[in-house]
Amino acid sequence: MTHIPFDTTQVFIGGRWRAGDSGQTLPLANPSDGSEFTRIARGNAADIDAAVAAARAAFEGAWGALSAAERGRVLLKMSARVLEQADELARLEALDVGKPLKQARADAVALARYLEFYGGAADKVHGQTIPFANGYTALTLREPHGVTAHIVPWNYPMQIIGRSVGAALAMGNACVLKPAEEACLTALAFARIADEAGMPAGTINVVPGLGEEAGAALSAHKGIQHISFTGSVAVGALIQAAAAKNAVPVTLELGGKSPQLVFADADLDAALPFLVNAGIQNAGQTCSAASRILVERPVFDAVVARMAERYRALRIGPALDDLDIGPVISARQREIVMGYLEVVQASGLKVAAAAPMPATLPRGGYYVPPTLVADVNPTHRIAQEEIFGPVQAVIPFEGEAEALAIANGTPYGLVAGVWTRDGGRQLRMARKLQAGQVFVNNYGAGGGIELPFGGVKHSGHGREKGFEALYGFSTLKTIAIRHD
Ligand code: NAD
């Protein structure tokens, strides 16, 4: 049995660890070999009730009484502890999610950086004074919503907890966190770290459990004032409907089918690593994965050949072997991705390259072959639907107008990348691409913790990351004082 330095079967409510109300637990599988390696609590509506009540008590009590600077200091303390424990957190995330250790460690460092950024920002969110009528002074205050709900997926638990819970706490909210049932160990570790850093009891509550039980109970709860959801479009719609019933604001960070556009004048040496890595990182299970690579005709064959070369050199294996790619999260996710690869075959599409699958891969692991598909029609299913696996479609185009039509021609709009040396084109493309973020001559900007992030169209609405998240996790009060 893998050593985990805490009991994973408990919920964390009101500063206390205890069994969930149902007394039941759920298995957690190690994606690298398919074995059950621990169990987690099957949180239910009663646990959510208790968590919301504990958060409310913290908000009205010890947490709410802290000044902004004091709140920031707690977050900074948490950041330091995350860094101290980065190796341990990375090991947990690698076991739980199946991501190579180095990538898991980068996620731990990103979590620390989110806490550092939001810890530093806590006392720097200012209101305004407004030149209103004579005899008045008018001003605005940024206030916390109260109790915020955070429903996160399994692909980047640490990063998503950092950007969502970190920003909410900085603004003074108290949080109830429902991690994904497939991967929630670092959410539990996060609660331990908050506790060690002196976070008042009830400020952060963690209730693992199934989406349709704990998640649904949380999103419909009358005691929450904001929901931050990261996950699929289908569940995002359910969350928004639940929030509507209580007139609660939501931030939805949903899926994507993000393109990188490569023009013939691009610096291909610089582009190549980004084109491939942004597609296969975390076994393609990244909301902002560059799953479509659009290439201008004159360099199409060269780009495909060079990407294929990289694919053939990719090393795939168990997370703790720390190679380039690990397994996908679950047997179900593997089936979904393999289903798309069957579609590729059945449609007679050209597989430009597939990474080699070593015979030594653990038999029960959820491995899929990273696959590069060339000459894909932009309307084909694999160029339209989010696969959430290491499969990239390369699509040819001629000129800016066609590039834009293809890039904008999906239901999604999360991220886009443009590779060109032409300054005018950089701006024309950046302005016309339908996406929440556009990167020019890079992609992802090293994680971009400071950069507002979120989608348009089916990729969602609201912004996380950067300073912008602090506005989302607060509400604006206008005060007008008459004193003439
Ligand atoms: P998912 O929607 O199935 O689950 C996400 C979370 O929602 C989990 O915690 C789950 O338990 C919970 N949930 C499920 N059903 C629920 C319900 N009825 N009520 C309340 N909560 C419920 O998504 P997933 O498969 O875990 O994650 C993959 C998806 O997430 C992809 O579409 C991906 O693009 C998206 N994603 C988006 C971002 C982003 O920032 N835009 C980041 C990561 C992942």
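When only DSSP loop residues count, what trypsin sites (Lys or Arg not before Pro) in the range 293-382 have their Cβ near at most 15 other Cβ atoms within 10 Å?
Filter output for the range 293-382: 315, 363.
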Identify all aspartates and glutamates with a Cα-Cα distance to residue 350 below 12 Å; exclude those on the same chain that are fewer than 8 residues away in sequence.
375
Contour minus end-to-end for residue 18 and residue 456, with contour as 0.36 nm per residue of separation and end-to-end as the Cα-Cα distance?
153.7 nm
Can you tell me how the chain classifies by the Cα gyration tensor, rounded, prolate or oblate, using a/c under 1.5 as the rounded cut?
oblate
When the Karplus curve 6.51 cos²θ - 1.76 cosθ + 1.60 is applied with θ = phi - 60°, which whole-Hz ³J(HN,Hα) does each residue of the range 382-395 get, with x for Gly and Pro?
6, 9, 10, 9, 6, 8, 6, x, x, 10, 10, 9, 9, 10
Students often get this wrong, so check it: of 102/257; 124/477; 257/457; 432/465, which have C-alpha atoms separated by over 19 Å?
102/257; 432/465
If a/c stays under 1.5 just call it rounded; otherwise compare a/b with b/c (prolate if a/b is bigger, oblate if not). Do that for the range 259-447, with a ≥ b ≥ c from the square roots of the Cα gyration tensor eigenvalues.
prolate
Debye sum, Cα scatterers, the range 193-271, no solvent: what log₁₀ I/I(0) at q = 0.17, 0.26 1/Å?
-0.77, -1.23
Non-local residues with an amide H under 5 Å from the amide H of residue 251, with H modelled 1.01 Å from N and Pro and chain starts lacking one, are 227, 228, 229
Just add up the charged neighbours of residue 396: K/R +1, D/E -1, any other residue whose Cβ is under 10 Å from the Cβ of residue 396.
-4
Under the rule of at least 5 residues apart or a separate chain, name every residue whose amide H is placed under 5 Å from the amide H of residue 40.
26, 28
Mind checking the angle between helix 45-60 and the chain's longest principal axis? C-alpha axes, 0 to 90 degrees, to the nearest 10.
60
Cα long-axis angle, helix 297-313 against the chain (0 to 90 degrees, to the nearest 10):
80
Can you tell me the 0 to 90 degree angle between the C-alpha axis of helix 331-346 and the longest principal axis of the chain, rounded to 10?
30
The chain - mean residue ellipticity at 222 nm from DSSP helices (-39,500 (n - 2.57) per run, n ≥ 4, rounded to 500):
-12000 deg cm²/dmol
Roughly what would the spin-label model give for residue 332 and residue 445, points 7 Å off Cα along C-beta, in nm?
3.5
Separation in nanometres of the label points that stand 7 Å from Cα toward Cβ, at residue 305 and residue 361:
2.9
Would you mind calculating the relative contact order of the chain from Cα pairs under 8 angstrom and at least 6 residues apart, reporting the percent as a whole number?
19
Would you please name the trypsin sites (Lys or Arg not before Pro) within the range 143-251 that are DSSP coil residues with at most 15 other C-beta atoms within 10 Å of their C-beta?
222
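Where a number appears in this text, it was derived from the coordinates with a stated rule and is not lab data. Since the model is a prediction, treat every value here as computed from it, not as a measurement. Here the Cβ is made from the backbone with ideal geometry for all residues, glycine too, and neighbour counts use every protein chain on show.
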